[in-house]
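Okay, structure first, notes after.
The values are calculated or read from the model by the stated rules, or taken from the named source; none is laboratory data. Source: prediction; values computed, not measured. Here the Cβ positions follow ideal geometry from the backbone for every residue, glycine too, while neighbour counts run over all protein chains shown. Note: accessible area is taken over every heavy atom of the protein model, side chains too, but ligands, DNA and RNA are not part of it. Shrake-Rupley method; radii C 1.70, N 1.55, O 1.52, S 1.80 Å.
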Amino acid sequence: MATTAISAPAYGGEYSGEQSGLWSWLSTVDHKRIGILYLYTALFFFMFGGVEAVIIRAQLGAPNQHLVSAEFYNQLFTMHGTTMIFLAIMPLSSAFFNFLIPLQIGARDVAFPRLNAFSYWVYLFAGIFITIPIFFAVAPNGGWFGYAPLTTKPYSPGLNIDFWVIGLQILGVSSLAAAFNFLTTIINLRAPGMTLMRMPMFTWMAFIVQVLLVLAFPVITIALVFLLFDRSFGTNFYNTVSAGADPLLWQHLFWIFGHPEVYILVLPAFGLVSEVLPTYSKKPLFGYPVMVYSGILIAVLGFGVWAHHMFAVGMGPIADTFFGLTTMLIAIPTGVKIFNWIATMAQGAIRYTTAMLFGISLVALFTIGGISGIMHSSPPADLQQTDTYFIVAHFHYVLFGGSIMGIFAGIYHYFPKIMGRLMDEKLGKIHFWLTFIAMNLTFFPMHFSGMLGMPRRIYTYDAGQGWDLYNAMSTAGAMIFPIAMAIFLYNFFVSRKRGEIAGSNPWGAGTLEWTIPSPPPEYNFAKIPTVTSRYPIWEGKEVDHADARINAQEGKTPADLGIVMPYNTIKPLLVALGLVIMFCGLITTRALIGVGAALMIFSLYSWLLSPLEPEHH
């Protein structure tokens, strides 16, 4: 049945029956509101990590500076990496997972709404737990990678590493809870006709990321448990070689998690850009099946390349050869994505919106990071580059040039759907160009300082080694970032209230989420759509919810439409709070373990005894 798709009302606004006030946010189980909570919280941590980076660059801007002590510098770079990876980029991706996945697959909510709320509150409390120590100069100080035996008790006797170990354990609970939830949602709640090969590319990349999380996070959990036992109970997994410990065990366990983690960070951005580029090129994504298969292949190969982080430890020629070859191989599916994005834009009717500029910049900047990554697949070359600023340049081109640029593209693209209003394009483009200039001015010179031998993780250096100019350039670039971010934040918060009303589909996109009001009603779809196409709007296919306009205009609530939505509840927040208090007891007073366990068990018991809603219509 091929007819013109039904257009939704221009602006859904605050739909009738929506709760407001602090309590409604503390108790919400609506996937869209939880996505917004993730967005705000992760942006805060992104700014916090950015402040840490600015201090780091100020310290390194010239030789022999002492703006901060060596110990505090160790805390700064450890917390910068930990904050950006675990508290900013991953949760920014989770904001889009929460908001978009049900809308893109035609569902009314995620499979487990209360578990979804629980995962957010665990993330928030864990982020607070791991961040507060820096204000008391006891923040983690062993690097975001926490190499043992440096992080064992004899070499790191304070509480610094304990905050890191326990904080990451708590964050792992959040990530795994969310991953199982989204996997179940994508597998079970797709609308009729929404086959796997009709899913939007963002949902596909999100699906792959959840699989990576489920497989990778148990490995880092085991590594952290071993380290916690070594530090707290005198076991010997990493510490004394003569007593049977293995000094490389931590590195193997960490990087078996750590390299899939790179794709956990970057694949969501790939998915967002795969939505942005077709929209502003007015062309379907080129080679959709190959883009899906390349994402799957990246996930599979991602578990076979971890030891390229360890070429300097003396694994021997066989291991070096194997991991060098697999590192070269993984460049192939990544390169396929680059070429498909370029082919999508080729001969398209391109509109250079802010979202499109960020999307194009991802293609360019990630390519630079990818090429320097292929250089590290050669063990002799890697030996020269490892632990130098060349590596710092490489992974910032991957994670900032890839993940962050893609996330900003997603924010500008989906802001109208989330808030119902448009961000200012002029301010957006100023934000883009300042960010693009700052990013390249900060990180590109690091290739040269690294090749000239500047080691990572030093807090100062002597003049006359050839690094002075490059460090000054990097520091100058870093000082532009706060200006760019201030413009973004002003644009974001002003547009949220006073931006131009967006309409349901201001960009002329083709996927399912653009067929409903902006912002979406609580129930998303008045009637679950029937999907017959990847781009139902562009291809004029009926999506089977003709009542959307009327219902939104009349302000009908889910009850008016006979739709049963999950009840709001504070219990997931209380369970998360109890869990974190219990973990706090491991490094403070043991009484907190009992208090936290009691709160968690009581709240969980109450949660499990809550009556379930009737099935959705």
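In table form, for the structure just shown:
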item: Residue tally, condition of a type in the set (Asp, Glu) and under 17 Å from residue 457 (Cα atoms), over region 20-61; result: 1
item: Any hit, region 475-487, residues being without any contact (Cβ under 8 Å) to a residue 12 or more places away in the chain, assigned by TED's automatic domain parsing to the domain that holds residue 361 and out of contact with any Cys (no Cβ under 9 Å at 6 or more places or on another chain); result: yes
item: Matching residues in region 519-541 - criterion: being touching a Ser or Thr at 6+ places or on another chain (Cβ under 7 Å) and at pLDDT below 90; result: 539, 540, 541
item: Within region 166-188, tally of residues that are more than 20 Å from the chain's Cα centre (by Cα) and β-branched (Val, Ile, Thr); result: 2
item: Residue that is nearest to residue 323 (Cα to Cα), among those in region 213-247 that are out of contact with any helix residue (DSSP H, G or I) (no Cβ under 6 Å at 6 or more places or on another chain) and among the aliphatic types (A, V, I, L, M); result: 215
item: Residues that are of a type in the set (A, V, I, L, M, F, W, C) and either free of Cβ contacts under 8 Å to residues at least 24 places away in the same chain or open to solvent by less than 10 Å² (accessible area, probe 1.4 Å) (or both), drawn from region 270-296; result: 270, 272, 273, 276, 277, 291, 292
item: Tally of residues being in a helix (DSSP H, G or I) and under 19 Å from residue 173 (Cβ atoms) across region 562-599; result: 21
item: Members of region 18-50 found to be of a type in the set (A, V, I, L, M) and free of Cβ contacts under 8 Å to residues at least 24 places away in the same chain, listed by number; result: 22
item: Selection status of residue 156, closer than 26 Å to residue 267 by Cα and out of contact with any strand residue (DSSP E or B) (no Cβ under 9 Å at 6 or more places or on another chain); result: no
item: Any hit, region 586-598, residues being assigned by TED's automatic domain parsing to the domain that holds residue 279, at pLDDT 70 or above, within 33 Å of the chain's Cα centre (by Cα) and buried (at least 16 other Cβ atoms within 10 Å of the Cβ); result: no
item: Per-region count, region 240-269, residues open to solvent by less than 40 Å² (accessible area, probe 1.4 Å) and outside any helix (DSSP H, G or I); result: 1
item: Whichever residue in region 130-157 is among the aromatic types (Phe, Trp, Tyr) and touching a helix residue (DSSP H, G or I) at 6+ places or on another chain (Cβ under 8 Å) and, among such residues, is least open to solvent (accessible area, probe 1.4 Å); result: 145
item: Test: residue in region 601-612 that is open to solvent by less than 30 Å² (accessible area, probe 1.4 Å), aliphatic (A, V, I, L, M) and modelled with pLDDT under 90; result: no
item: Residue among 394, 413 that alone is in contact (Cβ under 8 Å) with a residue 60 or more places away in the chain and not hydrophobic (A, V, I, L, M, F, W, C); result: 413
item: Residues that are over 29 Å from residue 221 (Cβ atoms) and open to solvent by 10 Å² or more (accessible area, probe 1.4 Å), drawn from region 169-193; result: 190, 192, 193
item: Those residues of region 413-422 which are open to solvent by 10 Å² or more (accessible area, probe 1.4 Å) and part of a helix (DSSP H, G or I), in sequence order; result: 418, 419
